[in-house]
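The values are calculated or read from the model by the stated rules, or taken from the named source; none is laboratory data. Keep in mind that this is a model prediction, so the values were computed, not measured. Backbone-built Cβ (ideal geometry, glycine too); neighbour counts: all protein chains shown. Only protein heavy atoms, including side chains, enter the accessible area calculation; ligands, DNA and RNA are left aside. Shrake-Rupley method; radii C 1.70, N 1.55, O 1.52, S 1.80 Å.
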Amino acid sequence: MTDLEIAYQQDIAPWDDRVEELSDFHVAVFRDRYPVTPGHLLFVPCYNTDAVIMDCFNSAMRHGRRMVADGKCDAFNIGINMGREAGQTVMYPHVHLIPRRAGDCADPVGGVRGVIVGQANYKTTGYQKP
């Protein structure tokens, strides 16, 4: 039984819409139940090891690049939340692929830095170093 299957049994994995054509032996890909943008995917390791988590990251990168090349999005963010203080709500590792499109937010500068309010756009006069 894989770590992912154990997570299902423990009812800690809130994803259920698996994308079979993107999944493989190490990485299960799911549509996010609460997408940030259309096409938001979760790359979930079947085995909770650093190597398989990196496989998830690499799979997300490849798929994100394909989405851009195919015109499905203009850019993408990839992220992983590790620990409650980092925003992790499901305590099983998973990598988010969030497709981005021109105009999907007023000021995309800083990208993932936006997880801390006011810290994303370091080019503004209101930015203060923590």
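For the range 35-58, give me the residue count where each residue is closer than 20 Å to residue 111 by Cβ and under 12 Å from the mean Cα position of the chain (by Cα). Quick ask: steps written out before the conclusion?
Initial filter on the range 35-58 (closer than 20 Å to residue 111 by Cβ): 35-43, 56-58.
Subsequent filtering for residues that are under 12 Å from the mean Cα position of the chain (by Cα) retains 35-37, 39-43, 56-58.
So the count comes out to 11.
What's the number of the condition residue 72 fails, among (1) within 28 Å of residue 123 (Cβ to Cβ); (2) free of Cβ contacts under 8 Å to residues at least 60 places away in the same chain?
With respect to (1) within 28 Å of residue 123 (Cβ to Cβ); (2) free of Cβ contacts under 8 Å to residues at least 60 places away in the same chain, residue 72 is out only on (1).
Could you check how many residues of the range 87-105 are within 17 Å of residue 75 (Cβ to Cβ), β-branched (Val, Ile, Thr) and exposed (fewer than 15 other Cβ atoms within 10 Å of the Cβ)? So that I can check it myself, show each step before the final result.
Let us first name the residues in the range 87-105 that are within 17 Å of residue 75 (Cβ to Cβ), namely 95-105.
Those left that are additionally β-branched (Val, Ile, Thr): 95, 98.
Among the residues that remain, those that are also exposed (fewer than 15 other Cβ atoms within 10 Å of the Cβ) are: none.
Residues meeting the conditions: 0.
Go through the range 15-50 residue by residue and tally those that are in contact (Cβ under 8 Å) with a residue 40 or more places away in the chain, open to solvent by less than 20 Å² (accessible area, probe 1.4 Å) and among the aliphatic types (A, V, I, L, M).
3
Please name all residue pairs, on different chains or six or more residues apart, with Cβ atoms under 6 Å, provided the first residue is in the range 77-88 and is within 17 Å of residue 110 (Cβ to Cβ) and the second residue is open to solvent by less than 40 Å² (accessible area, probe 1.4 Å) and β-branched (Val, Ile, Thr).
Pairs found: 77/98.
Would you mention how many residues in the range 42-55 are in contact with a His (Cβ under 7 Å, 6 or more places away or on another chain) and not aromatic (Phe, Trp, Tyr)?
6
Within the range 7-34, can you find the residues that are over 13 Å from the mean Cα position of the chain (by Cα), aromatic (Phe, Trp, Tyr) and modelled with pLDDT of 90 or more?
The one that is over 13 Å from the mean Cα position of the chain (by Cα), aromatic (Phe, Trp, Tyr) and modelled with pLDDT of 90 or more: 25.
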